[in-house]
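The values are calculated or read from the model by the stated rules, or taken from the named source; none is laboratory data. In this text the structure is predicted, and so the values were computed from the model without any measurement. Every residue, glycine as well, gets a Cβ built from its backbone with ideal geometry; the counts of neighbours run over all protein chains shown.
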2 protein chains.
Amino acid sequence: MLQVNEENLRVVDFEKGGGLVPVVVQDASTKEVLMVAYANREALEKTLKTGFAHYYSRSRKKLWKKGETSGNVQRVKKILVDCDGDTLLYVVNQEGVACHTGEYSCFFRTVGEEK
Amino acid sequence: MLQVNEENLRVVDFEKGGGLVPVVVQDASTKEVLMVAYANREALEKTLKTGFAHYYSRSRKKLWKKGETSGNVQRVKKILVDCDGDTLLYVVNQEGVACHTGEYSCFFRTVGEEK
């Protein structure tokens, strides 16, 4: 269970994205960006209530708890909302790996790099 | 100018999001998550070509170079694509601040926190 800041919770604007907001997931210890998923109001509420990251699957059209089948759960330390209220940041302790490919982070392929 | 990995560039799937992908922006030195914006193919190409972060504004419906008016440009060190190709990560050196409110990061409000 997380301690909720009610004023900042009201800032979260689910309407803009048709009921969903993107969620950036960051490792609390390494600060690595692990993945991006989506949350509806219910997913955010379940996350706040349980302390485990929940999302909304756009393809399966349902709520999911990260790691429910794989065991790779995310214990959420902190949730932040951005300046215009349409994006969340979950800062987590990742159990196992974040990516379904087996990589630790979903961002493992470089498109461009400074020479 | 960034060195491009052509194979990974082809992974980027703009179609899924109607021509746009979300871009997570991370500070290269502090690893702080600074903001989330959106890119179309042109914005990504301009970023790769110039080394400065470019995005597509959904409200103004046009390409923009971050910091063009404010001077708060982002020099891009690295661009990564996620496992399913529909999200980018720009790792940047931020000039000034990232947020239009004057905060360094757009994520400055806490919604929930571990007790």
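Per-structure values
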item	result
Filter result for B:L20 (at the interface with chain A (Cβ under 10 Å from one of its Cβ atoms), crowded, with 17+ Cβ neighbours inside 10 Å and out of contact with any helix residue (DSSP H, G or I) (no Cβ under 7 Å at 6 or more places or on another chain))	no
Qualifying positions in the range B:41-59 - at pLDDT 95 or above and part of a loop (DSSP other than H, G, I, E, B)	B:G51, B:A53
Close pairs from the range A:75-86: first on the phi > 0 side of the Ramachandran plot, partner in a loop (DSSP other than H, G, I, E, B) and crowded, with 18+ Cβ neighbours inside 10 Å, Cβ under 8 Å, at least 6 apart	A:G85/A:V12
The range B:35-60, subset at the interface with chain A (Cβ under 10 Å from one of its Cβ atoms) and either under 22 Å from A:D27 (Cβ atoms) or of a type in the set (A, V, I, L, M) (or both), residue surrounded by the fewest Cβ atoms within 10 Å (Cβ to Cβ)	B:L48
Test result for B:V12, over 24 Å from A:Q26 (Cα atoms), facing another protein chain (nearest Cβ under 8 Å) and in contact (Cβ under 8 Å) with a residue 40 or more places away in the chain	no
Test: B:V92 is out of contact with any helix residue (DSSP H, G or I) (no Cβ under 7 Å at 6 or more places or on another chain) and either more than 26 Å from A:T47 (Cα to Cα) or touching a residue at least 60 places away in the same chain (Cβ under 8 Å) (or both)	yes
Any hit, the range B:61-83, residues being within 12 Å of another protein chain (Cβ to nearest Cβ) and loosely packed, with under 15 Cβ neighbours inside 10 Å	no
Where B:G102 falls short, out of the listed (1) crowded, with 24+ Cβ neighbours inside 10 Å; (2) within 11 Å of chain A (Cβ to nearest Cβ)	(1)
Lone qualifier among A:G102, A:G112, A:G18 - being without any contact (Cβ under 8 Å) to a residue 12 or more places away in the chain and part of a strand (DSSP E or B)	A:G112
Residue satisfying condition, being closer than 30 Å to B:V4 by Cβ and not polar (S, T, N, Q), within set A:M35, A:M1	A:M35
Flag for B:V91 being over 17 Å from the mean Cα position of the chain (by Cα), under 19 Å from A:L34 (Cβ atoms) and modelled with pLDDT of 95 or more	no
